[in-house]
Protein chains: 2
Amino acid sequence: MSERIIYADRPFRDEFIEEIHTIAPGYVFKTELQPEDLPNVEISLGWNSNYQEKLLASSNLKWVQSISAGVDQLPLEAFSKKHILLSNGSGIHSESITEHVLGIILGYSRGLFQAQRAQSEMKWLGSSIHYQPIQGKKILIIGTGHIGKMIAKKVKALDMICYGINTSGHPAEGMEKTFSLKQLQEVLPEVDFVVNILPLTEETTGLFDQHIFEHFDSKAVFINVGRGASVKTQDLIQALNKQQLSFAALDVFEEEPLPQDHPLWKMDNVLITSHIAGLTPDFQKKLMSIFLTNLKSYLATHNLQTNQVKLFAGY
Amino acid sequence: MSERIIYADRPFRDEFIEEIHTIAPGYVFKTELQPEDLPNVEISLGWNSNYQEKLLASSNLKWVQSISAGVDQLPLEAFSKKHILLSNGSGIHSESITEHVLGIILGYSRGLFQAQRAQSEMKWLGSSIHYQPIQGKKILIIGTGHIGKMIAKKVKALDMICYGINTSGHPAEGMEKTFSLKQLQEVLPEVDFVVNILPLTEETTGLFDQHIFEHFDSKAVFINVGRGASVKTQDLIQALNKQQLSFAALDVFEEEPLPQDHPLWKMDNVLITSHIAGLTPDFQKKLMSIFLTNLKSYLATHNLQTNQVKLFAGY
């Protein structure tokens, strides 16, 4: 009988590999694959696109545990056709992204980014700096999943007012009002901060285009910690130049790394971060908590207990 | 009978001047003084040092309402000798300073300041950025008055652990532990963020010197939103260069504006803000809420109802 392989696209600490062996003694754990291994991969932790064709050609691949929350890079249709289970890393990055978003809201509102720019020119701004209290300001969180709810909870503690948007407009914990994605244009003029944390789907690709930016309040701040392809970057640049909004903090981009000659780099009303909002030092531990829980249920019942992705929806 | 004057060292909005007239119909409100007015000033809102000598020479000056929380610039000893009442602006700036401090903690911890520096060089840092979760990090707030307590409340909502320091070490709302100023060196090695919001007194002048910085954790961040003269700037620069601490965010300086040729401007591990932490758009309203409350009680009983400064202590 051939090996049954659990493949991981990156190394993990020994303590976790030992746990995998204890839970799944009948399996071999590999982080490097030889050509003859590919047909024997049953579980893939992470997804290596170099192996995509061979893994999908095999009938043994049963379950893919994605490293990230977003699964838009994965061959979802093929998974669906072949009944391959998929779970994601949703929840791992919630705290980090929440703190990142709060850091941007406060850094902008207290003039800290402006102060740092002035510092590089050895310029004392005095009270000419732009500042505003965040108390009572309205934030619109587009995407009311795990991360959205955590942001809602924290901004409420800072006395902000939190609205949410999701596909259907269903209520979400901690959000004063929720709207459907179709109502986006309607609610935009009312809010001071707009945070995109939507996964990338057909519906959200290119969602933030000139027609959407037209509805921003001219003092509003746009924060994208979702997916780069949800924003039409050229439209955003135009909207910023036309002062249709005041500031954009972007962590994700249509092309990453952002090309050296990209005009965004030089814009004073843009803060660029290099896809770091989700970085967390306990990453392995948090991912393994999901993976090992699912590994147990997969072995027992061929079902995933947590973080399963509905393949038809894409998140 | 000569006029009784309420003098303000800056203009206020009409709505507030009307309220002053309603509460104190026997008084004249002036924002400009002629030499013959000086002996008739009974109440001074703000303190104009050009008039100091003449105002103190008069026996009519009874009450000074300071604009700021700090009163170290005022002739406290003379006030004390002449039984002049003093109230300060404590509380007006609490929300702003709290949001400023949170912005620094989060901006530093999520690598936002580092990212902005990289942006100016069009550099994509990727995950090489320095970041840390703030959950579970310890913050030491030196000064447990109104501002300190508000910071404590908000950092707790962000799941940080908050310690406080005050003169005697008495407990303070929202702070897990409190220590006396004498225990500062003892508690410093334990904490990740050190926030100075102490008023300037004899005891706090030059408090943060090389002997204190030696006790910082090398990963710690120092935030000064108190008084510039509480920090020996040269000692701080040396400590940062020796990596005795990791980062300093300074809003106040021994000399303000910070001189153009000052070495602090060019330090990557320093964020300079231009005495802006306390700026608030509702300043007049907040100050008037204190002043008008006290004006009523002063007229009725010659006592101040709120924000009275104990002249012997200096805050």
Identify, by number, the condition in (1) at pLDDT below 95; (2) outside any helix (DSSP H, G or I) that residue B:275 doesn't meet.
(1)
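Is it fair to say residue B:153 is farther than 13 Å from residue B:105 by Cβ, at pLDDT 95 or above and within 14 Å of chain A (Cβ to nearest Cβ)? Talk me through it step by step, then tell me what you get.
On the way: farther than 13 Å from residue B:105 by Cβ: yes; at pLDDT 95 or above: yes; within 14 Å of chain A (Cβ to nearest Cβ): yes.
So residue B:153 fits the description; yes.
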Just the residues that are more than 7 Å from chain B (Cβ to nearest Cβ) and either among the charged types (D, E, K, R) or on the phi > 0 side of the Ramachandran plot (or both), please, taken from segment A:103-120.
A:117
Criterion: under 27 Å from residue B:63 (Cβ atoms), assigned by the TED database to the domain that holds residue B:250 and at pLDDT 95 or above - qualifying residue of B:109, B:96, B:120
B:96
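Whether any residue in segment A:228-239 is assigned to a loop (DSSP other than H, G, I, E, B), surrounded by 17 or more Cβ atoms within 10 Å (Cβ to Cβ), more than 10 Å from chain B (Cβ to nearest Cβ) and within 19 Å of the chain's Cα centre (by Cα) is what I want to check. Write out each step before concluding.
To start, the set of residues in segment A:228-239 that are assigned to a loop (DSSP other than H, G, I, E, B) comprises A:232.
Then drop every residue that is not surrounded by 17 or more Cβ atoms within 10 Å (Cβ to Cβ), which leaves A:232.
Adding the requirement that they be more than 10 Å from chain B (Cβ to nearest Cβ) leaves A:232.
Restricting the remaining residues to those that are within 19 Å of the chain's Cα centre (by Cα) gives A:232.
Among the residues of segment A:228-239, at least one is assigned to a loop (DSSP other than H, G, I, E, B), surrounded by 17 or more Cβ atoms within 10 Å (Cβ to Cβ), more than 10 Å from chain B (Cβ to nearest Cβ) and within 19 Å of the chain's Cα centre (by Cα), which makes the answer yes.
State which residue is nearest to residue B:310 (Cα to Cα) when the search covers only segment B:23-68 and only residues that are among the acidic types (Asp, Glu) and open to solvent by less than 40 Å² (accessible area, probe 1.4 Å).
The qualifying residue nearest to residue B:310 (Cα to Cα) is B:42.
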Residues that are of a type in the set (Gly, Ala, Ser): find the strands (runs of 3 or more DSSP E) completely inside segment A:148-220 holding 1 or more of those.
A:161-166, A:177-180
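Only one residue in B:161, B:134 is among the β-branched types (Val, Ile, Thr), within 14 Å of chain A (Cβ to nearest Cβ) and farther than 16 Å from residue B:95 by Cα. Which one? Can you show your working first?
Numbers: B:161 fails: within 14 Å of chain A (Cβ to nearest Cβ).
Testing whether each residue is among the β-branched types (Val, Ile, Thr), within 14 Å of chain A (Cβ to nearest Cβ) and farther than 16 Å from residue B:95 by Cα leaves just B:134.
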When segment A:174-186 is checked residue by residue, the ones that are open to solvent by less than 60 Å² (accessible area, probe 1.4 Å) and closer than 20 Å to residue A:153 by Cβ are A:174, A:175, A:178, A:179
Total residues in segment B:240-277, condition open to solvent by less than 50 Å² (accessible area, probe 1.4 Å) and away from chain A (no Cβ under 11 Å):
8
Residue check, residue A:308 against (1) within 19 Å of the chain's Cα centre (by Cα); (2) open to solvent by 40 Å² or more (accessible area, probe 1.4 Å); (3) facing another protein chain (nearest Cβ under 10 Å), all met but one. Which one?
(3)
For segment A:278-305, name all the residues that are more than 28 Å from residue B:134 (Cα to Cα), of a type in the set (Ser, Thr, Tyr) and surrounded by 13 or more Cβ atoms within 10 Å (Cβ to Cβ).
A:297, A:298
Failed item in (1) touching a Pro at 6+ places or on another chain (Cβ under 9 Å); (2) more than 14 Å from every other protein chain (Cβ to nearest Cβ), with residue A:87 passing the rest
(1)
Can residue A:215 be described as within 14 Å of chain B (Cβ to nearest Cβ) and either closer than 23 Å to residue A:73 by Cβ or at pLDDT 95 or above (or both)?
no
Mind checking which residues of segment B:247-289 are among the hydrophobic types (A, V, I, L, M, F, W, C) and in contact (Cβ under 8 Å) with a residue 60 or more places away in the chain?
B:247, B:249, B:271, B:276, B:277, B:279, B:283, B:287, B:288
Could you list all residues from segment A:1-14 that are surrounded by fewer than 11 Cβ atoms within 10 Å (Cβ to Cβ) and outside any loop (DSSP other than H, G, I, E, B)?
A:14
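The values are calculated or read from the model by the stated rules, or taken from the named source; none is laboratory data. Only a predicted model underlies this, so the values are computations on that prediction, with no experimental measurement involved. Because the Cβ atoms are built from the backbone with ideal geometry, glycine has one as well, and the counts that use them run over all protein chains shown. These area figures cover heavy atoms from the full protein model, side chains too; ligands, DNA and RNA do not enter into them. Shrake-Rupley method; radii C 1.70, N 1.55, O 1.52, S 1.80 Å.
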